[in-house]
1. Once the piece of chain linking A17 and W129 is laid out straight, how much longer is it, given 0.36 nm per residue of separation minus the C-alpha distance between them?
2. Show log10 I(q)/I(0) for segment 1-56 at q = 0.19, 0.20 Å⁻¹, two decimals, from a solvent-free Debye sum over equal Cα scatterers.
3. Could you compute how much accessible surface D31 exposes when probed at 1.4 Å, giving the result in Å² to the nearest 10?
4. Residue by residue, what Karplus-based ³J(HN,Hα) values in Hz, rounded to whole numbers, does segment 46-56 have, using 6.51, -1.76 and 1.60 with θ = phi - 60° and x for Gly and Pro?
5. What is the distance, in nm, between label points placed 7 Å from the Cα along the Cα-to-Cβ direction at A3 and at L116?
6. Using Cα pairs under 8 angstrom and six or more residues apart, how large is the relative contact order of segment 1-100, in percent?
7. For segment 101-107, just list the computed ³J(HN,Hα) in residue order, Karplus coefficients 6.51, -1.76 and 1.60, θ = phi - 60°, integers in Hz, with x standing in for Gly and Pro.
8. Sequence gap at least 6, Cα distance under 8 Å: using those rules, report the relative contact order of segment 61-120 to the nearest whole percent.
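The values are calculated or read from the model by the stated rules, or taken from the named source; none is laboratory data. In this text the structure is predicted, and so the values were computed from the model without any measurement. Note that we place each Cβ from the backbone using ideal geometry, even for glycine, and neighbour counts take in every protein chain shown. Quick note on the areas: whole protein, heavy atoms, side chains included, nothing else; ligands and nucleic acids left out. Shrake-Rupley method; radii C 1.70, N 1.55, O 1.52, S 1.80 Å.
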Amino acid sequence: MGAVRRLIEVMLVIAIALDVAYWSIWFTNRDWIASEHNHAYYEFENAFPLADLWLGLACLLALVTLRAGRPSALLWLLSAGSAGLYLFCMDFLYDVENGIFTKGGGGAFEAVIVALTLFFSVTILRWSWRHRGELLSGDR
């Protein structure tokens, strides 16, 4: 599995760090990252912390079990990838329906988050499934 496995581990660490950073900023100085400044947008974003917490937990458990060579790494990798893909779908649809991507710097920031979420999710799911035999056998 080698170098790509290490890349997957790095992606998991980055996902966890971005999750923590995003919500830390959102709850302390949301103007830095908000692409809209209205009640509906705030309500929408405020619906995500629990789902993102689940994503972060799945990423953490995927990282720990992958590094330990445990067969449960497959479960946590698939959980992290599918959680990310679900969040991508919700975020992307809302952003397209509400023209968020065209809202200046905040919209561009949102587009980057959405694109990274899609890339992360598809990469994790694809790699995990292709290496399921090795993951289930506990091969490092």
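1. On the way: separation 112, 0.36 × 112 = 40.32 nm, distance 2.43 nm.
Result for the pair: 37.9 nm of gain on full extension.
2. Taking Cα atoms of segment 1-56 as identical point scatterers yields -0.72, -0.76.
3. Approximately 100 Å² of D31 is accessible to the 1.4 Å probe.
4. 5, 7, 8, x, 5, 5, 5, 4, 4, 4, x
5. Modelled inter-label distance: 2.4 nm.
6. Details: 55 pairs, mean separation 28.0, N = 100.
That works out to 28 percent.
7. The phi angles translate into 5, 9, 9, x, x, x, x Hz.
8. On the way: 35 pairs, mean separation 17.0, N = 60.
For segment 61-120, the relative contact order is 28 percent.
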